[in-house]
Amino acid sequence: MPRILITGASSGIGAALARHYAQPGVSLVLVGRNAERLEAVARDCRASGATAETARLDTRDRAATVALVRQSDTEAPLDLVIVNAAVNGGNQEGQVEAEDVAFETADINYTGSLNVMLPALTRMLERGRGQIVLLSSLAAYAPLQDAPAYSGAKAALVAHGLALRQKVAPRGVKVNVVTPGYVKTPMGGELKGWRPLEISAEAAAVRIAKGIATNRDVIAFPFILTALARTVLLLPENVRKAGLYAFRFQRRKRR
């Protein structure tokens with residue numbers, strides 16, 4: 001029975017991935033901060049034949065997160081861990097990101113990801129198998145002036161994930177990094193700005209799952225935005241500044 005742990009599973013890409021993988025013979029551990037939405041996703045997954053357990057958790061709580069990962073793995077070895085929980089950061093008036101927002105964003109998007117990834121990695125290395133997927137963003141390559149902490153944390157996940165991939169592959173553990181463009185999610189709905197080539201969370205889940213199955217190092221989409229984002233840092237600053245100007249945004253109040 002494949003066993004999959006997904007953080008940020010109460011909505012957006014995490015929920016779409018949970019529903020995508022839900023089928024008879026699959027065991028899901030769904031982690032999120034909103035218990036009501038999390039249970040709704042779990043019900044959908046059970047209706048599709050999967051077993052699904054939920055855990056209300058803030059991944060910034062290292063002790064609780066490590067304990068959950070270890071307990072889940074002890075009950076049945078985790079085959080796949082998808083590290084997805086994240087927040088946007090930014091500012092509601094388009095001003096410079098406040099200190100508290102920047103720290104919260106970095107703590108959830110990067111440190112919180114490590115709190116999930118590292119104990120899972122330790123267990124997988126012990127048995128010589130397993131797969132870890134880190135949800136980053138194209139903002140890792142094309143940093144957004146209205147989301148500096150978000151962009152920085154997502155860039156850190158790319159670097160950390162790809163470095164680990166090289167190191168642990170010979171020991172039977174796979175690491176993949178996902179860098180999506182704009183995806184229609186509740187989190188994305190917080191942003192007021194241009195969102196070119198936006199796709200649904202369900203379509204994103206299909207692309208991500210395909211990349212996971214083929215063990216791609218970086219699962220990036222859509223192609224056009226990926227190609228543009230990966231060249232941004234190679235451009236002179238004045239050209240880069242002009243190109244990214246259209247991607248400014250403001251953050252709506254969280255729902």
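Averaged per residue, segment 21-150 has 43 square angstrom of accessible surface, using a 1.4 angstrom probe with ligands and nucleic acids left out. If you add up the charges near V183, with Lys and Arg at +1 and Asp and Glu at -1, over every other residue whose beta carbon is less than 12 angstrom from its beta carbon, what do you get? Around V183, the surrounding residues sum to +1. Among beta bridges identified by DSSP and lying wholly in segment 117-202, the antiparallel ones come to about 0 percent. Other residues within the sphere of radius under 12 Å centred on the Cβ of I199, judged by their own Cβ, net out at +1 (K and R +1, D and E -1).
Between R56 and A76, what's the calculated FRET efficiency when r is the beta-carbon distance and R0 is 22 Å? Round to 0.05. Given R0 = 22 Å and the Cβ-Cβ separation, E is 0.60.
Using θ = phi - 60° in the Karplus curve 6.51 cos²θ - 1.76 cosθ + 1.60, the 3J(HN,Hα) couplings for segment 8-21 round to x, 8, 7, 6, x, 4, x, 5, 5, 5, 4, 5, 5, 7 Hz; x is entered for Gly and Pro. When nucleic acids and ligands are ignored and a 1.4 Å probe is applied, V158 ends up with an accessible area of around 10 Å². Look at the dipole of segment 3-251 built from charges on Cβ: of T74, A163, I108, the Cα furthest out on the positive end belongs to A163. Considering helices alone, the calculated mean residue ellipticity of the chain at 222 nm is -14000 deg cm²/dmol, with DSSP H runs of length four and up weighted by -39500 (n - 2.57) and normalised per residue.
The distance linking segment 127-180 with segment 1-38 is 20 Å (Cα centroid to Cα centroid, whole angstrom).
Relative contact order for the chain: 18 percent, from Cα pairs under 8 Å spaced at least 6 residues apart, divided by residue count. Count charges around D217 for me, please; just the other residues with Cβ under 11 Å from its Cβ, Lys/Arg as +1, Asp/Glu as -1. Overall, the nearby charge balance is +3.
Skipping prolines and chain starts, which residues have an amide H placed within reach, meaning under 5 Å, of the one on A52, given they are 5 or more residues away or on another chain? Those lying under 5 Å, H to H, from A52 are L28. Of all DSSP beta bridges confined to the chain, the antiparallel ones make up roughly 10%. Here the simple spin-label model places points 7 Å from the Cα toward Cβ, and for T231 and A40 these points are separated by 4.2 nm.
One way to sum up the overall shape of segment 1-42 is the equivalent ellipsoid from its Cα gyration tensor, whose semi-axes run 17, 9, 9 Å, largest first. The candidate values were (1) 29, 20, 17; (2) 33, 19, 19; (3) 26, 21, 17; the one computed from these coordinates for semi-axes √(5λ) of the Cα gyration tensor in Å carries the label (1). Shown is the FRET efficiency for S48 and E99, computed with R0 = 30 Å from the Cβ-Cβ distance and rounded to the nearest 0.05: 0.10. Of the accessible area of the chain, computed with a 1.4 Å probe over protein heavy atoms only, carbon and sulfur atoms account for 55 percent.
The values are calculated or read from the model by the stated rules, or taken from the named source; none is laboratory data. Bear in mind the structure is a predicted one, so any value in this text is a computation, not a measurement. Positions of Cβ are generated from backbone atoms using ideal geometry, with glycine treated the same way; all protein chains shown enter the neighbour counts. Protein only, heavy atoms only, side chains kept; ligands, DNA and RNA dropped before computing areas. Shrake-Rupley method; radii C 1.70, N 1.55, O 1.52, S 1.80 Å.
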